[in-house]
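Take a look at the structure set out below.
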Amino acid sequence: TRQGTSPFESLKDAKSAIRFIRAHAEELGVDPDRIVASGGSAGGHLAAATAVIDGFNEEGEDLSVSCIPNGLVLFNPVFDNGPGGYGFERIGDQYKDFSPLHNIKEGMPPAIVFLGTEVKLIPVETAKYFQTVMESVGSRCELYLYEGKGHGFFNFRNYEMYEDTRDKTDEFLISTGIIRDPSKLWTGYPAQ
């Protein structure tokens with residue numbers, strides 16, 4: 001709302017960003033087959049949506065370049081924009097084409113999800129349901145629940161949680177083959 005745009009423009013931007021990275025992979029020095037989308041809260045929604053939402057593409061964009069990431073790392077993600085879900089008042093009936101939870105399909109990239117049980121916007125049941133539906137279509141989905149933790153529990157200021165989620169993310173990306181050489185992992189800042 002700060003920029004006076006809708007969530008629909010945000011999704012277009014997220015999909016465009018992945019397409020840009022993939023289309024310019026050589027000059028950026030990245031592997032176009034190992035792109036991960038990640039985000040927290042609404043950013044987690046956008047990351048998940050790039051993997052599953054067919055519509056909401058920028059006009060004139062080259063749709064032959066895939067916007068589907070090879071993996072998802074999601075922190076307190078807003079999966080459900082349907083009735084009773086977060087943001088329905090802004091999304092309305094378009095939730096059927098916009099909400100990641102309502103569009104899971106075969107071929108989804110593997111996902112790891114971190115959720116604090118005290119996050120009011122995303123019920124634990126919603127995250128568990130997302131995991132169940134992902135697995136029902138043959139996609140991997142690891143869910144980690146953090147008892148008593150609120151919305152930003154994984155941020156750097158809480159170094160223990162930051163380190164825990166970082167380490168679990170590294171393990172997940174190694175196990176999927178997205179990270180092929182663990183010896184090159186950046187270990188981050190020293191313990192505080």
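Which condition from (1) crowded, with 16+ Cβ neighbours inside 10 Å; (2) touching a helix residue (DSSP H, G or I) at 6+ places or on another chain (Cβ under 9 Å) is the one that MET161 breaks?
All conditions pass for MET161, except number (2).
Inspect all residues belonging to region 23-34 and state whether any of them is among the aliphatic types (A, V, I, L, M), outside any helix (DSSP H, G or I) and surrounded by 19 or more Cβ atoms within 10 Å (Cβ to Cβ).
The answer is no, given that none of the residues of region 23-34 is among the aliphatic types (A, V, I, L, M), outside any helix (DSSP H, G or I) and surrounded by 19 or more Cβ atoms within 10 Å (Cβ to Cβ).
Just the residues that are in contact (Cβ under 8 Å) with a residue 40 or more places away in the chain, over 21 Å from THR169 (Cβ atoms) and open to solvent by 70 Å² or more (accessible area, probe 1.4 Å), please, taken from region 59-74.
ASP62
Hey, which of the helices (runs of 4 or more DSSP H) in region 75-192, taking only ones fully inside, have at least 1 residues that are at pLDDT 95 or above and within 19 Å of GLY40 (Cα to Cα)?
95-98, 124-136, 159-176
Being open to solvent by less than 10 Å² (accessible area, probe 1.4 Å) and over 16 Å from the mean Cα position of the chain (by Cα) is the requirement here; does GLY4 meet it?
The answer is no for GLY4.
Considering only region 75-91, how many residues are open to solvent by less than 20 Å² (accessible area, probe 1.4 Å) and on the phi > 0 side of the Ramachandran plot?
2
Can we say PHE98 is in contact with a helix residue (DSSP H, G or I) (Cβ under 8 Å, 6 or more places away or on another chain), farther than 17 Å from LYS128 by Cβ, open to solvent by less than 10 Å² (accessible area, probe 1.4 Å) and aromatic (Phe, Trp, Tyr)?
yes
Out of all the residues in region 72-111, which are touching a strand residue (DSSP E or B) at 6+ places or on another chain (Cβ under 9 Å) and among the polar types (S, T, N, Q)?
Answer for region 72-111, where residues must be touching a strand residue (DSSP E or B) at 6+ places or on another chain (Cβ under 9 Å) and among the polar types (S, T, N, Q): just ASN76.
The values are calculated or read from the model by the stated rules, or taken from the named source; none is laboratory data. Quick caveat: nothing in here was measured; it's all calculated off a predicted structure. Cβ: placed from backbone, ideal geometry, glycine included. Neighbour counts: every protein chain shown. Accessible surface areas use protein heavy atoms only, side chains included; no ligands, DNA or RNA. Shrake-Rupley method; radii C 1.70, N 1.55, O 1.52, S 1.80 Å.
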